[in-house]
Amino acid sequence: MKRITVKIGTRVLTDKDNRIDRKVLRLLVGQISDLVDGGLEVIVVSSGAIGAGLGLLNIQKKGRSLSDLQAIASVGQNHLMDIYNEYLAKRGYVAGQILLTQDDFNDRRRFLNIRYTINSLLEFKAVPIINENDTVSTEEIKFGDNDRLSSLVADISDSDMLVILTDVEGLMDASGCVIGEVDMVSEDIKKLCRGKGCEVSTGGMISKLESMAKVSKAGIPGVIARGRRENVLLDIRDGKHVGTRFNPSERPIKARKRWIAFSKRSKGAIVVDDGARKALVEKHKSLLPGGVKGVRGVFSDGDVVDIVDADGKVLARGVSNYTSAETDKIKGKRTDCIERELGYKDYDEVVHRDNLVVMGE
């Protein structure tokens, strides 16, 4: 391995009073420094801003408004970075803070700029510390949890592994034993999840599994392990059996299609008939207007949309060549009727196969 992304969860970093557990953070930063000393590039996705703020302000999260939580995060994020830099400095390193929202991944240019910034920080031998920008995030631009953010960061940075550190030993089977290795995050694997997480974190095991499924599609292996386990990062680096390992897909999706499938948020949906479903899923064809039954939501040309069947099941995601209003006008029509319906025709396809990802792949 040359580069890894490490996600550290709120429950790892904070104590029962929601204050940052300095001992735990010091030990983790020590391991991160050991990895960097050994020539490994480390990117950290760190939760804990809201938890740290709650502890500093001596208040509880329950009943707080979004604006309250944003203010609490602004207090906690500074505190969190101060501690990271304090411990990194003792080993001769410095942290580079990056705060992101979903909008940064929706825009392709900003998406690529994130990669350039991460690469530059690593060239300077700085440790990128990445978190969601809770201070400005709203429901429309939130990731929902840092597990998903960590999978996007691992992908965009071309990491060789994603490690998610949490408060359990790994994924447990029905009898409570840790599953050592997972080849594919199937529905049966997802059914093993229990609980939604704690009060100060938004991600449970299910969000961690979904993140592992995404990095697997990028050809990246992953590990879920207990963050407070002694030398957890060093043991993972050394190939020891720690937590649950998730193997990468043997047929990873290309980078641009991963951006369509996982990084960019869908703006709406196109409902298709069974003939279009077979053409998309089984024959890997483009979506033509003749197979469209309807649209859901409002989207523009160039937006990513879900392609769903009549029951709402997501079959694929892709970049629409037409707006929702235009798509509605040409639904069920042959391609040679597009110009008659709209007064112009830019494309034969509603979604071209080069800009489309079948979600079951």
Scope segment 43-60; condition under 22 Å from Val163 (Cβ atoms) and open to solvent by less than 10 Å² (accessible area, probe 1.4 Å); matching residues: Ile43, Val44, Val45, Ser46, Gly48, Ala49, Gly51, Ala52
Residue identified as surrounded by 14 or more Cβ atoms within 10 Å (Cβ to Cβ) and out of contact with any Gly (no Cβ under 9 Å at 6 or more places or on another chain) among Ile220, Ile224: Ile220
Close pairs (6 angstrom Cβ cut-off, 6 or more residues apart or separate chains): more than 27 Å from Lys293 (Cβ to Cβ) in segment 247-272, among the aliphatic types (A, V, I, L, M) anywhere: Pro248/Ile220; Pro252/Ala218; Arg258/Ala218; Ser263/Leu152
Test: residue in segment 85-93 that is part of a helix (DSSP H, G or I), open to solvent by less than 40 Å² (accessible area, probe 1.4 Å) and either out of contact with any strand residue (DSSP E or B) (no Cβ under 6 Å at 6 or more places or on another chain) or of a type in the set (Gly, Ala, Ser) (or both): yes
Failed condition for Ser137, given (1) open to solvent by less than 10 Å² (accessible area, probe 1.4 Å); (2) modelled with pLDDT under 90; (3) among the polar types (S, T, N, Q); (4) touching an Asp or Glu at 6+ places or on another chain (Cβ under 7 Å): (4)
Pairs, first under 16 Å from Trp259 (Cβ atoms) in segment 109-127, second open to solvent by less than 30 Å² (accessible area, probe 1.4 Å) and of a type in the set (Phe, Trp, Tyr), C-beta under 6 Å, six or more apart: Phe111/Phe105
Scope segment 302-335; condition free of Cβ contacts under 8 Å to residues at least 24 places away in the same chain, of a type in the set (Lys, Arg) and within 21 Å of Arg265 (Cβ to Cβ); matching residues: Lys313
Elements of type helices (runs of 4 or more DSSP H) contained in segment 227-314, each with 3 or more residues being open to solvent by 40 Å² or more (accessible area, probe 1.4 Å) and over 22 Å from Lys217 (Cα atoms): 274-281
Subset of segment 151-185 that is in a loop (DSSP other than H, G, I, E, B) and closer than 22 Å to Phe262 by Cα - its residue that is most open to solvent (accessible area, probe 1.4 Å): Met184
Single condition Leu280 does not satisfy, out of (1) within 27 Å of the chain's Cα centre (by Cα); (2) under 30 Å from Thr101 (Cβ atoms): (2)
Test for Ser211: is it closer than 14 Å to Asn146 by Cβ and either at pLDDT below 90 or open to solvent by 20 Å² or more (accessible area, probe 1.4 Å) (or both): no
Any hit, segment 61-71, residues being small (Gly, Ala, Ser), under 21 Å from Asn231 (Cβ atoms) and surrounded by fewer than 18 Cβ atoms within 10 Å (Cβ to Cβ): no
Scan of segment 333-348 for residues that are open to solvent by 100 Å² or more (accessible area, probe 1.4 Å), in contact with a helix residue (DSSP H, G or I) (Cβ under 9 Å, 6 or more places away or on another chain), farther than 18 Å from Gly275 by Cβ and not acidic (Asp, Glu), ordered by number: Tyr347
Segment 94-124 - residue that is among the β-branched types (Val, Ile, Thr) and open to solvent by 40 Å² or more (accessible area, probe 1.4 Å) and, of those, nearest to Thr135 (Cα to Cα): Thr117
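The values are calculated or read from the model by the stated rules, or taken from the named source; none is laboratory data. The model shown is predicted, which means the values in this text are computed figures rather than measured ones. Ideal geometry is used to build each Cβ from the backbone, glycine not excepted, and the neighbour counts take in all protein chains shown. SASA here: full protein model, heavy atoms, side chains in, ligands and nucleic acids out. Shrake-Rupley method; radii C 1.70, N 1.55, O 1.52, S 1.80 Å.
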